[in-house]
Amino acid sequence: RGLAAKGIYPAVDPLDSTSTMLQPWIVGEEHYETAQGVKQTLQRYKELQDIIAILGLDELSEEDRLTVARARKIERFLSQPFFVAEVFTGSPGKYVSLSETI
């Protein structure tokens, strides 16, 4: 629900979701490590939500502010117009090449 309220479709929480295919010998070490890093960043951001709500971003350490910025970029990436999300968002899906994404 929280992801859909933020406009992130498909509303799949990467912290609660897993794939048996996400193994280093299947997807490669770099992909696997990147996915794990993304999950760690999103988990830390989730932990910081209450602090941010009460004290604001200015009270966070520089490292935590960087984590928040990265997590928000990840959320925006996950909310881009995917073809599978067209039925939920009404926005046409778009293809973005790997080189443009990275």
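Would you call GLU100 modelled with pLDDT under 95, in contact with a Gly (Cβ under 9 Å, 6 or more places away or on another chain) and of a type in the set (Asp, Glu)? It is false that GLU100 is modelled with pLDDT under 95, in contact with a Gly (Cβ under 9 Å, 6 or more places away or on another chain) and of a type in the set (Asp, Glu).
To keep it simple, each residue is scored yes or no on (1) assigned to a helix (DSSP H, G or I); (2) touching a residue at least 60 places away in the same chain (Cβ under 8 Å); (3) over 10 Å from the mean Cα position of the chain (by Cα).
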position	(1), (2), (3)
ASP16	no, no, yes
MET21	no, no, yes
THR41	yes, no, no
GLU47	yes, no, yes
ALA53	yes, no, yes
ASP58	yes, no, yes
ALA71	yes, no, no
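Being at pLDDT 95 or above, under 16 Å from the mean Cα position of the chain (by Cα) and loosely packed, with under 13 Cβ neighbours inside 10 Å: is that true of LEU66 here? So LEU66 fits the description; yes.
Of LEU48, LEU78, LEU22, LEU57, which residue is surrounded by 11 or more Cβ atoms within 10 Å (Cβ to Cβ) and in contact with a Lys or Arg (Cβ under 8 Å, 6 or more places away or on another chain)? Before you say what the answer is, go through the steps one by one.
On the way: LEU48 fails: in contact with a Lys or Arg (Cβ under 8 Å, 6 or more places away or on another chain); LEU78 fails: in contact with a Lys or Arg (Cβ under 8 Å, 6 or more places away or on another chain); LEU22 fails: in contact with a Lys or Arg (Cβ under 8 Å, 6 or more places away or on another chain).
Result: LEU57 is the single residue among LEU48, LEU78, LEU22, LEU57 that is surrounded by 11 or more Cβ atoms within 10 Å (Cβ to Cβ) and in contact with a Lys or Arg (Cβ under 8 Å, 6 or more places away or on another chain).
Within region 77-90, is even one residue within 14 Å of the chain's Cα centre (by Cα), at pLDDT below 95 and not in a loop (DSSP other than H, G, I, E, B)? Checking region 77-90: at least one residue is within 14 Å of the chain's Cα centre (by Cα), at pLDDT below 95 and not in a loop (DSSP other than H, G, I, E, B).
The values are calculated or read from the model by the stated rules, or taken from the named source; none is laboratory data. A quick note: this is a predicted structure, and the numbers were derived from the prediction, not measured. A quick note on method: Cβ atoms are made from the backbone with ideal geometry, for glycine too, and the neighbour counts reach across all protein chains shown.
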